[in-house]
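First up is the structure itself, then whatever we jot down about it.
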Amino acid sequence: MSRALVVVENTGGNVRRACLEALGRARSLGLTAEALVTGTDPLAAAAAVAPYADLVLCAAHELFAHGDADVLVPLVAGVVTERSPVLILVPATLTGRDLAARLAARLGAPYAAEVTDISLDPSGRPRAVRPVLGGKALATVGFAGDGPCLVTVRANALGMPAPGQPGEIRSTDPRVDPGAVRTRVTPLDEAGAGRVPLGEAGIVVSGGRGLQDASRFELLEKLADRLGAAVGASRAVVDAGWKDVSFQVGKSGNTVAPRLYVAFGVSGAVHHVMGMDGSGTVVVVNKDPDAPFFKHADHGLVADAVQVLGLLVRRLGG
Amino acid sequence: MKICVLVKQVPDHEALVKVRSDGTLDIEDRWVTGFFDEIALEQALRLREALGGTVTAVAAGGGKQTDALRRALAMGVDTVVQLDDPALILADGLGVARALAACVRTLAPDMVLAGRVALDDEMGLVGPAVAEHLGWPYVGAVVALETDGAGFSAVRQIEGGKQAVKGRLPVLLTATKGLAEPRVPKVMAVMKASRARIETRDLASLGLDAAAVAPLVRVLSYRPPPTRPAVKMITGDLDAQVETLAAILLSASGGGS
Ligand SMILES: Cc1cc2nc3c(=O)[nH]c(=O)nc-3n(C[C@H](O)[C@H](O)[C@H](O)COP(=O)(O)OP(=O)(O)OC[C@H]3O[C@@H](n4cnc5c(N)ncnc54)[C@H](O)[C@@H]3O)c2cc1C
Ligand SMILES: Nc1ncnc2c1ncn2[C@@H]1O[C@H](COP(=O)(O)O)[C@@H](O)[C@H]1O
């Protein structure tokens, strides 16, 4: 049977959702789902992945601590040679996308970024669908040659598989050459520590300039906690210094596709909508009945966003 | 210090995009220089202002790519190079990266800056792929950068946080929002740039042939994104509205109570 290799990204034992979704899709395409888990001590992550995989390869090394591509690229390239997968899947996080791009160049492998669907053509060759031009069109792409194809997969796009019988966990040579490491990486304050990362959250609650004041984001955070959501922001909010740029949703910020997106006091400018139009249910609260965002929403409420937020948090016991 | 900036002209964010019935795209003829590429240009110009040296902008492709280079000139770069070759018309990001890497090698800069992602194909491939071809260290999605001409210290964005990255030059970095606010060129500078002669190079001059940039990824067809049904407005007095809203959120979030 042909194989797929999923390069797992994990932080402190927490596995990126997109990795499990990628393993699920590999299996449903009839491919053997193999995972590569790395870290200083990757066993917890490997155990979390095993119920979704047929085989988990585990590579342990100090230098895997910060996801440094200088050591990950040679490792993945080595594993690809050994396992010869037809498809390599990497989560479409910032780190995952950089890793995949460097791998594509290193392996000379065809690569499609941020795919939202994957299938096999009649000859068994992978095909992928990816949004382009800010989601204004969906491209179906094919891959040349017969070597491994590389994709990064967007979270919440492929569907979450059900866990099954855990696959075998096998340790693999980390293939680390400390001389290959050219940069020194240190983690800085984790702005969103403890909260679901924006890019993979199943629910996002966003605030715009209509919240009128940075302090109103505390209410939004309460709502987020109550719903298990991540907090997003419009660019106007970021430019005003109310929120760090890592919170920005939109064309020049993060692209998100949660199953529920709720916007408070966001106008719905095209640049913002481009970053979230792939979401499931969209709910918009804006005091202006002509706000453009209502054209991109499933449910709309014309009201004062601050007032609604306050009542909502109280109603939900936040 | 010698810096190269990779720039690309892309359809304006507000350009109308239509998918034709044969699965091809019809994009309105409105163009801008890459959003993140302008940030990269700004950062390069600031480093030149602080440390001296030169900034060279490089674009691969014909036609509209000239405009990206004219924009770079208007912003203040010293020189520009356009890689123009019929083989590049069909090239994908990997091919473009191979051509750009070959060109950068001839320019021998201390630093290359690119955009995090070009907002047309949205691949985020070319920057890291050029670094890989050059065999250089790479830092993606940079929001702060310092250098003394020998080493560098950068802050990069990662999912849900930031990392500090230190190393030695040469290095390739990609710029993201927050690194620098691009200057708006003066009218005189725009006029002067519009008349500037743009140096072009073909693949052969870089020791490459068409096979080196042959595309590996091909778009089979485009389709429009799914459309959303018309919005349902929540009505009633404020309490009733909040009640309905809460019910919608709880049911769509999959949570109970
Ligand atoms: C190249 C480029 C890239 C961009 N990228 C992005 C991006 O990635 N993300 C992004 O978000 N933007 C982006 N923008 C900016 C975008 O065009 C808008 O300017 C921005 O999204 C507006 O933010 P806002 O809706 O919060 O603010 P505003 O436009 O000021 O809108 C505020 C909204 O709140 C409503 N409001 C006011 N008071 C209340 C109240 N009390 N209760 C309820 N509603 C209220 C108003 O009716 C209005 O609709 C980009 C722009 C450009 C040119
Ligand atoms: N044809 C090109 N010429 C010059 N630079 C490019 C070209 N294509 C991409 N780049 C650079 O690579 C970045 C990422 O592009 P992409 O991989 O297409 O998303 C852009 O922001 C540019 O800095």
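The values are calculated or read from the model by the stated rules, or taken from the named source; none is laboratory data. The structure displayed is predicted, hence computed values, not measured ones. We place every Cβ from the backbone using ideal geometry, glycine too, and count neighbours over all the protein chains shown. What goes into the accessible areas is simple: the full protein's heavy atoms, side chains included, and nothing from ligands, DNA or RNA. Shrake-Rupley method; radii C 1.70, N 1.55, O 1.52, S 1.80 Å.
Of the residues making up segment B:193-209, those that are within 24 Å of the chain's Cα centre (by Cα) and open to solvent by 60 Å² or more (accessible area, probe 1.4 Å) are B:S194, B:R197, B:E199, B:T200, B:D202.
The residue list B:P215, B:P229 contains one member that is open to solvent by 70 Å² or more (accessible area, probe 1.4 Å), outside any strand (DSSP E or B) and within 8 Å of chain A (Cβ to nearest Cβ), which is B:P229. When B:A180 is tested against (1) within 10 Å of chain A (Cβ to nearest Cβ); (2) touching a residue at least 12 places away in the same chain (Cβ under 8 Å); (3) touching an Asp or Glu at 6+ places or on another chain (Cβ under 7 Å), only condition (1) is not met.
From the list B:L220, B:L245, which one is surrounded by fewer than 16 Cβ atoms within 10 Å (Cβ to Cβ) and of a type in the set (A, V, I, L, M)? Give the steps one after another, and end with the answer.
On the way: B:L245 fails: surrounded by fewer than 16 Cβ atoms within 10 Å (Cβ to Cβ).
Selected residue: B:L220, the only one of B:L220, B:L245 that is surrounded by fewer than 16 Cβ atoms within 10 Å (Cβ to Cβ) and of a type in the set (A, V, I, L, M).
Note on segment A:211-234: residues that are within 14 Å of ligand 1 (Cβ to nearest atom), open to solvent by less than 30 Å² (accessible area, probe 1.4 Å) and farther than 21 Å from A:P91 by Cα total 5. In the condition set (1) in a helix (DSSP H, G or I); (2) in contact (Cβ under 8 Å) with a residue 24 or more places away in the chain, A:V256 is compliant with all but (1).
Residues of segment A:26-47 being part of a helix (DSSP H, G or I) and buried (at least 20 other Cβ atoms within 10 Å of the Cβ), which ones?
Within segment A:26-47, A:A26, A:A45, A:A46 meet the criteria.
To keep it simple, each residue is scored yes or no on (1) within 13 Å of ligand 2 (Cβ to nearest atom); (2) aliphatic (A, V, I, L, M); (3) more than 14 Å from chain A (Cβ to nearest Cβ).
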site	(1), (2), (3)
B:G34	yes, no, no
B:D37	yes, no, no
B:A57	yes, yes, yes
B:G62	yes, no, yes
B:V77	no, yes, yes
B:P86	no, no, yes
B:L100	yes, yes, no
B:R105	no, no, yes
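Among all positions in segment A:161-169, there is no residue which is aliphatic (A, V, I, L, M) and modelled with pLDDT under 95. Note on segment A:271-292: residues that are within 7 Å of ligand 1 (Cβ to nearest atom) and assigned to a helix (DSSP H, G or I) amount to 2.
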